[in-house]
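Written out below as structure tokens is the structure these notes cover.
Bear in mind these aren't lab numbers, they're just calculated from the coordinates by the rules spelled out. None of the values given here were measured: they were computed from a predicted structure. Counting neighbours? That spans all protein chains shown, and the Cβs are built from the backbone with ideal geometry, glycine included.
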Amino acid sequence: MKTTGNTIFISGGSAGIGLAIAKKLSGAGNHIIINGRDEARLQHALKELNSAVAIQGDLSIKADRVRIAEDLRTNHPEVNIVINNAGAAFMNDLSDTNNDAAEKAYHEMNTNYISVIDFTALTLPLLLQQEEAAIVNVSSIAVFRSNKYLPTYSASKAALHSYTQGLRDTFSDNENLNIYELYPPLVNTGFSAEIGGANGIPASEVADELFIALEKDQVEIPVGDTKKIHELVIPVTENVPH
Ligand SMILES: NC(=O)c1ccc[n+]([C@@H]2O[C@H](COP(=O)([O-])OP(=O)(O)OC[C@H]3O[C@@H](n4cnc5c(N)ncnc54)[C@H](OP(=O)(O)O)[C@@H]3O)[C@@H](O)[C@H]2O)c1
């Protein structure tokens, strides 16, 4: 799809991968709408972007999702790309039975999966009015392999992956709407600091890969270390009758 002249909403666009994507796409001549919970962080991020505005809100809360979608309908009816990037993760040691594992999993599922389903339902009518539109769901390498540090987070991203496949199938006949899935490996951001994120790739590399994929209409976007496992798994699953 075109990579300039779009109006792009990025959830979690005030830091990390979301901000790197905002910088890349704003530099390429797109109008950017960033979102995050912390207003000061949003204002700070806006200083690094051209042609950008912010909509504060917590996407894990229904009322905020409804308000943000309404703001887009009223003030940015031309929005044609929604990037669902905001995410939640908790270290969750399943051997510690006093760890409130289910409570953490609930928060992860709510932010990483349920909220995306609901925000998609709220913004789809707008996207379907556009000549060219896209949804980009940011999942993770953890879709393919869980681990003992982030077992419930991995499960929530696997749910997001499965939903994204289904959403893509739902709109497979619609030439105006593409459903992308971006799978970052370990990336050096505040989010990953606890799990050794300093060894990860820079967020700008993820943004560069997304940009190239949009240009090529390449809806599956594995990045870095995700590429090898993606190459082994996805062609097999695509051949399963569905
Ligand atoms: N970093 C990695 O190694 C890695 C690897 C694979 C996948 N990912 C995925 O990439 C995405 C971005 O991660 P990141 O590493 O860039 O994180 P980050 O550096 O912590 O940035 C997260 C961004 O999301 C916002 N945010 C968090 N919760 C939100 C909510 N409920 N509603 C609205 N905004 C919210 C944050 O701002 P506020 O705090 O102000 O709300 C911030 O702008 C996540 O979905 C994550 O699962 C990350």
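General remarks:
- For the pair I234 and A193, the difference between a 0.36 nm per residue extended length and the Cα-Cα distance amounts to 11.9 nm.
- Sorted largest first, extent of the stretch 137-242 alpha carbons per principal axis (Å): 42, 29, 21
- Column: log10 I(q)/I(0), Debye, Cα scatterers of the chain, q = 0.09, 0.13, 0.14 Å⁻¹: -0.35, -0.76, -0.90
- Direction-averaged projected area, Cα convex hull, the stretch 135-195: 4.5 nm², rounded to one decimal.
- Footprinting exposure proxy ranking of D93, D71, fewest other C-beta atoms within 10 angstrom first, gives D93, D71.
- Kyte-Doolittle at least 0.5, axis length at least 15 Å by Cα - qualifying DSSP helices, the chain: 16-27, 115-127
- Electrostatic dipole magnitude of the stretch 107-242 [Cβ: Lys, Arg +1; Asp, Glu -1; Cα centre; debye, to 20]: 620
- Counting only DSSP H runs of at least 4 residues, each contributing -39500 (n - 2.57), and dividing by the residue count of the chain, the helix-based mean residue ellipticity at 222 nm comes to -13500 deg cm²/dmol.
- Farthest toward positive dipole pole in the chain [+1 Lys/Arg, -1 Asp/Glu at C-beta], among N75, A52, S11: A52
- When the pairs K104/K228; K157/K216; K2/K227; K104/K227; K157/K227 are compared against a 21 Å limit on Cα-Cα distance, K104/K228; K157/K216; K2/K227; K104/K227 fall above it.
- Projected area, mean over directions - the stretch 1-40, Cα convex hull, nm²: 2.8
- Cα gyration tensor category, rounded, prolate or oblate, for the stretch 182-242 with a/c compared to 1.5: oblate
- Net length gained if the chain between Q129 and K148 were fully extended (0.36 nm per residue, minus Cα distance): 2.5 nm
- Nearest-20 debye value, the stretch 7-238 charge dipole, Cβ charges on Lys, Arg, Asp, Glu: 360
- Volume in Å³ per residue [convex hull over Cα atoms, computed for the stretch 86-147]: 85
- Ordering M91, Q129, Q43 by the projection of their Cα atoms onto the charge dipole of the chain, which places +1 on the Cβ of Lys and Arg and -1 on the Cβ of Asp and Glu, puts Q43 at the extreme positive end.
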